2 protein chains.
Amino acid sequence: MAHITIIGTGNMANAIGGVLAAGGSTVDYISQDETGTAPLNGDIVVLAVPYPALDAIVAAYGSQFDGKTVVDITNPLNFETFDALVVPVGSSAAAELQAKLPAAKVLKAFNTTFAATLASKQVGGLQTTVLIAGDDAAAKTQLAEAITAGGVGAIDAGALTRAHELESLGFLQLTLAASEKIGWTGGFAVAR
Amino acid sequence: MAHITIIGTGNMANAIGGVLAAGGSTVDYISQDETGTAPLNGDIVVLAVPYPALDAIVAAYGSQFDGKTVVDITNPLNFETFDALVVPVGSSAAAELQAKLPAAKVLKAFNTTFAATLASKQVGGLQTTVLIAGDDAAAKTQLAEAITAGGVGAIDAGALTRAHELESLGFLQLTLAASEKIGWTGGFAVAR
């Protein structure tokens, strides 16, 4: 399977790394302290950090992302109000990232699945499904194969422009969980 | 339960009316031909029509909507490209409708559930759940009670501004079904 570097060591980083390692991928982690000094060994780099941390990562590695698949998992919420996104209306964190890293293959993924449902591999009795948006078909296929090998579903949700809809879905899901309409072990499941 | 008038006689109109009637609500229908002449008997009026039909309904009934709960179920897609919404970026069909009917209590609902999953009352083994957005808490509660009495779940998804996210979710779900990533009997289920 793939060689994957995960930047971040939080709940989402561990949940994503667990799925990918279970599928046979080689997974290494870069902590916040190591960012900029630890090498990007993977062909796929998952940025498992909050949205505000993206800029420092882009600044630290810059052209070292060229040619790599870079996975943005962020939900760019205003976490003070829980009532809006902080990216420009109609855009997405993933589109911003692609603009800053034009030679990387940016994918949006994992922002619509809570850490608990990645770890348990199910949501409400259905297999957890990762929705992937991006403009590079081969990159999407490689990531989807690495995910499905780990026992979690994956669906190609379209071009990187669909990251806007994935971030809307992630936003909605976070507001529902924060207001206790759903639990952090639940959320949106995908029935095929 | 409530007295509900449904404008529209298609698959969605029938599926919504079926749930509400099963819950004990009084349900009557207004067909396209009768629009403007048939009276709005219900306290709740569900506009179970495609997005392009909304303007003619607003023009036909105008102030007759004042004080009523008006439910917008539309997904305002560009159905030629399946790649964009036709409402202004960041806005929603529901917000547009509220602006045209300032004295009505506009709710967004039923746009994230396919007709088949309303009729069967389940998605992938989970109870079908209708997400409701709107600014009038009492109107949301009344609609939610009418839905849950009919055996379908309902969740208050927040203020009418959240209609943007509900329409993003509906858009994404339609693109996944149209591209055969999911079936028209599947889609997004909500695990509590």
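The values are calculated or read from the model by the stated rules, or taken from the named source; none is laboratory data. Treat the numbers as computed from the prediction; the structure is a model and nothing was measured. For neighbour counting, all protein chains shown are included, and Cβ atoms are generated from backbone atoms with ideal geometry for every residue, glycine included.
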Inset, instruction - Of the numbered conditions (1) surrounded by fewer than 19 Cβ atoms within 10 Å (Cβ to Cβ); (2) within 13 Å of chain B (Cβ to nearest Cβ); (3) aromatic (F, W, Y), A:F188 fails exactly one; give the number of that condition. - result: (1)
Legend entry - Subset of region B:125-159 (residues that are under 20 Å from A:I182 (Cβ atoms), of a type in the set (A, V, I, L, M) and more than 12 Å from chain A (Cβ to nearest Cβ)): B:V130, B:A137, B:L143, B:I147, B:V152
Legend entry - Verdict on B:K121 being surrounded by fewer than 24 Cβ atoms within 10 Å (Cβ to Cβ) and facing another protein chain (nearest Cβ under 7 Å): no
Inset, instruction - Six or more apart or on different chains, Cβ under 6 Å: which pairs go from a residue in region B:127-141 that's part of a helix (DSSP H, G or I) to one that's among the acidic types (D, E) and at pLDDT 95 or above? Could you list them? - result: B:K140/B:D156
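For (1) farther than 30 Å from A:Q127 by Cα; (2) in contact with a helix residue (DSSP H, G or I) (Cβ under 9 Å, 6 or more places away or on another chain), each residue gets a yes or a no:
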position: B:L97; (1), (2): yes, yes
position: B:L101; (1), (2): yes, yes
position: B:L107; (1), (2): yes, yes
position: B:T112; (1), (2): no, yes
position: B:A116; (1), (2): no, yes
position: B:I132; (1), (2): no, yes
position: B:Q142; (1), (2): yes, no
position: B:T148; (1), (2): no, no
position: B:A163; (1), (2): no, yes
Inset, instruction - Could you list all residues from region B:167-185 that are facing another protein chain (nearest Cβ under 7 Å) and either closer than 20 Å to B:V87 by Cβ or not in a loop (DSSP other than H, G, I, E, B) (or both)? - result: B:S168, B:L169, B:F171, B:L172, B:T175, B:L176
Inset, instruction - Please go through region B:82-110 and pick out each residue that is within 15 Å of B:S63 (Cβ to Cβ) and of a type in the set (V, I, T). - result: B:V106
